[in-house]
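Read the structure below first, then the notes.
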Amino acid sequence: MGYSYVDLENIEPSGPGDAVRFVRRELGAAAFGINHFTLPPGTTGREHDESASGQEEVMIVLEGSGVLRTDDGELELRPGRFVRIDPETTRVAVAGENGLVMVTVGAPRDEPYVARGPF
């Protein structure tokens, strides 16, 4: 088959607070990582960077609101906003009063993507 698909409701919630759905694993994608996040109102995500993996990430905000806290300050998150983040930048998403739904896509900048862990 030349494609694969998965419906969000068929991906088991995982991670802290069941906030993440590991899309890459379900699709069998090998060139990049992709995850779906649903953060309840006022929830702070996991602060991290991607220095070890070298992955550049793009966040795509689907619903809700919040802020992205980085080394450079805060950026408003709202539906339709795409945010590219350097691997070395520490980041954490914080959901606003209506929660936050987003997708992240990541791949190493300088080498082929290699899937990490069970996600």
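Derivation of every value follows stated rules applied to the coordinates shown; laboratory data play no part. Keep in mind that this is a model prediction, so the values were computed, not measured. A quick note on method: Cβ atoms are made from the backbone with ideal geometry, for glycine too, and the neighbour counts reach across all protein chains shown.
Numbers at a glance
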| read-out | value |
| --- | --- |
| Average Cα contact separation per residue, the chain, under 8 Å, 6 or more apart, as relative contact order % | 32 percent |
| Rg [Å, one decimal], Dmax [Å, integer] - the chain, C-alpha atoms | 14.0, 45 |
| 5 angstrom amide H check on residue 89, placed H, neighbours 5+ away | 50 |
| Projected label distance in nm at residue 78 and residue 44, using a 7 Å step from Cα toward the beta-carbon | 2.5 nm |
| Whole-Hz ³J(HN,Hα) from phi, Karplus 6.51 cos²θ - 1.76 cosθ + 1.60, for segment 33-38, glycine and proline x | x, 8, 9, 10, 10, 10 |
| Length gained when the stretch residue 88-residue 31 is fully extended (0.36 nm per residue, less Cα-Cα span) | 18.5 nm |
| Sparsely packed GluC sites (Glu not before Pro) within segment 54-94, loop by DSSP, other Cβ within 10 Å at most 14 | 88 |
| Residues residue 4 and residue 63, FRET efficiency given R0 of 35 Å [Cβ-Cβ distance, rounded to 0.05] | 0.90 |
| Choice from 86, 72, 49 showing the highest fluctuation, given a GNM over the chain with Cα pairs closer than 10 Å | 72 |
